[in-house]
Every structure is written in structure tokens, then in C-alpha cells.
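Student: Could you have a look at this structure, given as C-alpha cells, before my questions?
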Amino acid sequence: MVRFYGTACGKVDDKGRVVLPAIFRDAMVRGGSENMTLIVKKSLQQSCIELFPAEEWEIRSEKVLGSIDPELNTGDADLWTKYNDGVYTLVPDGKLGRLNIPSELLESAGITKEVVFGGVGYKLQIWDPETRKAQLLSDEKFRETASRLSSKK
């Protein structure tokens, strides 16, 4: 199972390609998926792009699908359509681990030339550096949230 941790910086070339940093390519190798298929999509909650190992995406999609009925419920059908809107399958090229990110996803995250990759365990986030800096929880807000969540147990 692949898990992504840490951060790394990168650049977007003129064709919309980014090189997957070595730290994350190594995580794929350790997870037994050196030449894996990846799913890339716009985040539903944050202003970034999300990158999932295909196996992880399938697990998470099945969980969502298991809680709705898009065949019989119009609202569920709308949710499922939106959930899958702008989802693309990518395979890093073998030499450099380059990923060709669709331009609509780069634009939706405000990414132009510089990117920050952030590993959050089951997925990898790709951010515009300034957007990530602005949206990342402050230390104080992190402590408040952690305290609130720990008091629920």
C-alpha cells in the first residue's frame, strides 16, 4: 500500500507536466507500485489538485457510492456526477516520473509555474505555493482543532 508523506517543490513545464519528486516516486516503489496508475482530480474541499493511487481511489469511491443511490435518487445522481467530474487517469512516464496534468485542473488550483507537493498519507496534494501557505492551518488553529477532536473520545 502506498503512503505519501512530506513535502517537495516542483515546476510545471510549458506542456503542463510536472515531475513527481523522488520522495514520492520512492514511496510508490516501497508500496510495490513503481509503475502505477494514478487518479488526479480537483479537490472538493481545498484549492489544490489531489493525486491518488488508483487502488486507493477505488476504495474511497466505493465508500461514497455505498452511501448513495444514483440510479434511483436524483440528488445522489447529481452528487455522483459532480464527484467524478474532472477525474483523470495518469501514468507517470518511466524515465522521469513526469505527469501530464490537464490544464483545467492546473487552472482550477491557480497553478502556473511553481508547485508544492504535500503528502497526506493516502493521497498527494499539488498546490500553488502561495495558495497552500494561505490555506494551511495556523499552529494555533491546529492545536484548537486537535484539542476539540481529542475531547470527543
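Student: Please give me, ordered by residue number, the GluC sites (Glu not before Pro) of region 70-143 that lie in loop per DSSP and have at most 12 other Cβ atoms within 10 Å. Can you show the working numbers first?
Tutor: Numbers: sites: E71, E104, E107, E114, E130, E140; in loops: E71.
Passing sites in region 70-143 are E71.
Student: Continuing with the same structure: Each residue of region 60-76 in order: what ³J(HN,Hα) in whole Hz does its phi give by Karplus 6.51 cos²θ - 1.76 cosθ + 1.60, θ = phi - 60°, with x for Gly and Pro?
Tutor: 5, 5, 5, 5, 5, 4, x, 9, 9, 9, x, 7, 10, 10, 4, x, 5
Student: Kindly provide log₁₀ I(q)/I(0) values, in the same order as q = 0.14, 0.24, 0.26 Å⁻¹, from the Debye equation applied to equal alpha-carbon scatterers of region 50-126.
Tutor: Here the Debye-derived log intensity ratios amount to -0.59, -1.25, -1.33.
Student: Consider the candidate values (i) 141; (ii) 103; (iii) 113; state which one is volume of the Cα convex hull per residue in Å³ computed from the structure displayed.
Tutor: The value computed from this structure is option (i).
Student: Separate question: Using the structure shown, select from K11/K82; K15/K63; K42/K113; K11/K41; K41/K63; K82/K152 the pairs with a Cα to Cα distance greater than 25 angstrom. It would help to have the intermediate numbers written out before the result.
Tutor: Details: K11/K82 29 Å; K15/K63 34 Å; K42/K113 17 Å; K11/K41 18 Å; K41/K63 17 Å; K82/K152 32 Å.
The pairs that break the limit, which is 25 Å between Cα atoms, are K11/K82; K15/K63; K82/K152.
Student: Are there any trypsin sites (Lys or Arg not before Pro) in region 43-152 that are in a DSSP loop and have at most 12 other Cβ atoms within 10 Å? List them by number. Show your work: numbers first, answer last.
Tutor: Working: sites: R60, K63, K82, K95, R98, K113, K123, R132, K133, K141, R143, R148, K152; in loops: K95, K113, K123, K152.
Listed in order of number, the matching sites are K95, K113, K152.
Student: In addition: Short version: ³J(HN,Hα) in whole Hz for each residue of region 49-56, in order, from phi by Karplus 6.51 cos²θ - 1.76 cosθ + 1.60 (θ = phi - 60°), x for Gly and Pro, what are they?
Tutor: For region 49-56, the Karplus curve yields 9, 10, 10, 10, x, 4, 4, 5 Hz.
Every read-out reported here was derived from the displayed coordinates using simple, explicitly stated rules and does not represent laboratory data. This one's a predicted model, so the numbers in the text were calculated from it and none came from an experiment. So basically every Cβ, Gly included, is an ideal-geometry build from the backbone, and we count neighbours across all protein chains shown.
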